[in-house]
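Colleague: Handing you this structure, nothing more for now.
The values are calculated or read from the model by the stated rules, or taken from the named source; none is laboratory data. Predicted model, so just to flag it, every value in this text is computed and none were measured. With ideal geometry, Cβ positions are generated from the backbone for all residues, glycine too; neighbour counts draw on all protein chains shown. For the accessible areas, the whole protein counts, side chains as well, though only heavy atoms, and no ligand, DNA or RNA atoms are used. Shrake-Rupley method; radii C 1.70, N 1.55, O 1.52, S 1.80 Å.
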2 protein chains.
Amino acid sequence: MKASADRAPFDRAAFDRTVRERLERSGRRYTGGRRSVVEALVESGHPLSISDIEKLRPGLPRSSAYRHLVELQQAGIVRRLSAEDEFSRYELAEDLTEHHHHLVCVSCGRVVDVTPPKSFEIAVTEVLDELATSEGFTVQGHRLDLLGRCASCS
Amino acid sequence: MKASADRAPFDRAAFDRTVRERLERSGRRYTGGRRSVVEALVESGHPLSISDIEKLRPGLPRSSAYRHLVELQQAGIVRRLSAEDEFSRYELAEDLTEHHHHLVCVSCGRVVDVTPPKSFEIAVTEVLDELATSEGFTVQGHRLDLLGRCASCS
DNA sequence: ATAGTACTGAGACTGAGTCTCATTATAGTA
DNA sequence: TACTATAATGAGACTCAGTCTCAGTACTAT
């Protein structure tokens, strides 16, 4: 049940290559600004709000940060998720990290990653795919968030 | 697997009583404006965005609608959820309806309810509670959304 | 070098959501 | 029925996360 039990060590060079490839495939360069945003996400290891990113990258203008986040989403490198508060959070795309879910603190909005066992995911996926297709939906993925209070807000 | 297989018929009077009680417990009256919002949610049976509510209740001013939604949330009658787009959706609180999850269309933002079998929920809850408590979280509930494309956006 | 194109920062702009305030409705009391 | 205190409401100003525009800068290729 430990999140990192059998995770491969993080290969920075391979990661960089993938990011560059995806950007170039969408007609973009892997520039300093974009790298700055991506690395902030890698370093923190948590979904970040725009103000988190501003704190981690004080030099980067707000408009550039937002623009990069949009571009990175379009290139399939970043995805946006929504907490209980009004602020969007951004994290690395699912296939660049381990598949995981979120603990969302309803009090402070903090989001923490957790990884359930593989067998759990398989069971979930089976049941849900069936439900969705019966409604005419084509499933691309799922998100499973636990809402509650984090240790410091309890 | 059918969503409504063993659901009790909707008892409007009992529902109204509960809503009134919860409002009064939070020091509020069950007035026309609040009723209007609650009934829009009941009638549609789906999570609604603010513009959905405006369409269903053309006379109701925007500021009143928002105010009522906040009050109804505080009274535990409504909860806010977030789709993939920038618009919040509002639905009746979990315990006023059947426990359910969402199919979220990543293209048009539409949200549809689905209800997995009870056994599924139990299995999910067990695994997740364990994960959360190991991180110091106190779990209050979970949300499980399927992301994909609805029939009309495929 | 030069041209064409992508990238960037600065700041104006948009619009969902909030707040304020003056007015209106309601409940309670006599 | 009149009176008072309190809650509810509509109108519109305001806030601020997120988007858009534009002029200037950096790449890339030839």
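Colleague: Quick one: in chain A, whose Cβ comes closest to the A/B rotation axis, and how close in angstrom?
Modeller: Of all Cβ atoms in A, the one closest to the rotation axis yields A:82, 2.
Colleague: Turning to a different aspect of this structure: Which of rounded, prolate, oblate describes the range B:12-153, given a ≥ b ≥ c as roots of the alpha-carbon gyration tensor eigenvalues and a/c under 1.5 marking rounded, otherwise prolate only if a/b is larger than b/c? If you can, show how the numbers build up before the last one.
Modeller: On the way: a/c = 1.96, a/b = 1.29, b/c = 1.52.
Oblate, because a/c is 1.5 or more while a/b does not exceed b/c.
Colleague: Under 15 Å from a point 7 Å along the Cα-to-Cβ line of residue A:98: which residues of the range A:112-154 have their amide N that close?
Modeller: A:112-121
Colleague: Starting at the first residue of the range B:98-114, write each ³J(HN,Hα) from the Karplus equation 6.51 cos²θ - 1.76 cosθ + 1.60 with θ = phi - 60°, in whole Hz, x for Gly and Pro.
Modeller: 6, 4, 8, 10, 10, 9, 10, 7, 6, 8, 9, x, 4, 10, 10, 7, 9
Colleague: Springs between alpha-carbon pairs under 10 angstrom, Gaussian network model over chain A: which of A:83, A:13, A:65 fluctuates most?
Modeller: Checking each option, the largest mean-square fluctuation is seen for A:13.
Colleague: Here's a follow-up. Determine the gain in length on full extension of the stretch residue A:11-residue A:135; use 0.36 nm per residue of separation and subtract their C-alpha separation, reporting nm with one decimal.
Modeller: Numbers: separation 124, 0.36 × 124 = 44.64 nm, distance 4.03 nm.
Answer, rounded to one decimal: 40.6 nm.
Colleague: If you take the beta carbon distance between residue A:21 and residue A:63 as r and set R0 to 30 Å, what does 1/(1 + (r/R0)^6) give as a FRET efficiency, to the nearest 0.05?
Modeller: Working: r = 26 Å, r/R0 = 0.88.
Once the sixth-power term is evaluated, E becomes 0.70.
Colleague: Placing the label point 7 Å from Cα along the Cα-to-Cβ direction, what are the distances from residue B:56 to the equivalent spots in the other copies, shortest first, in nm to one decimal?
Modeller: So the label point of residue B:56 gives 3.9 nm to the other copies.
Colleague: Run the dipole for the range A:12-153 about the Cα centre, Lys and Arg Cβ at +1, Asp and Glu Cβ at -1, nothing else charged, and hand back the magnitude in debye, nearest 20.
Modeller: 860
Colleague: Okay, next question. Excluding ligands, DNA and RNA, what is the accessible area buried between chains B and A, summed over both sides, using a 1.4 Å probe, to the nearest 100 Å²? Write down the numbers at each step before the final one.
Modeller: On the way: alone 9740 and 9720 Å², together 15770 Å².
Accessible area lost upon association: around 3700 Å².
Colleague: Once you have the Cα-Cα distance between residue B:125 and residue B:54, take 0.36 nm times their residue separation minus that, and quote the gain in nm to one decimal.
Modeller: Numbers: separation 71, 0.36 × 71 = 25.56 nm, distance 3.61 nm.
Between residue B:125 and residue B:54, full extension yields an extra 21.9 nm.
Colleague: Taking square-rooted eigenvalues a ≥ b ≥ c of the alpha carbon gyration tensor, is the protein assembly as shown rounded, prolate or oblate, where a/c under 1.5 means rounded and, failing that, a/b exceeding b/c means prolate? Could you put the intermediate results ahead of the total?
Modeller: Working: a/c = 1.79, a/b = 1.53, b/c = 1.17.
Prolate is the answer for the protein assembly as shown, as a/c is 1.5 or above and a/b outweighs b/c.
Colleague: Tell me, how many Å apart are the Cα centres for the range B:72-135 and for the range A:32-103?
Modeller: Each part's Cα centre sits 24 Å from the other's.
Colleague: Hey, what number do you get for chain B at 222 nm if only DSSP H runs of n ≥ 4 count, each worth -39500 (n - 2.57), divided across all residues, to the nearest 500?
Modeller: Details: 5 runs with 63 residues, N = 154.
Result for chain B, helices only: -13000 deg cm²/dmol.
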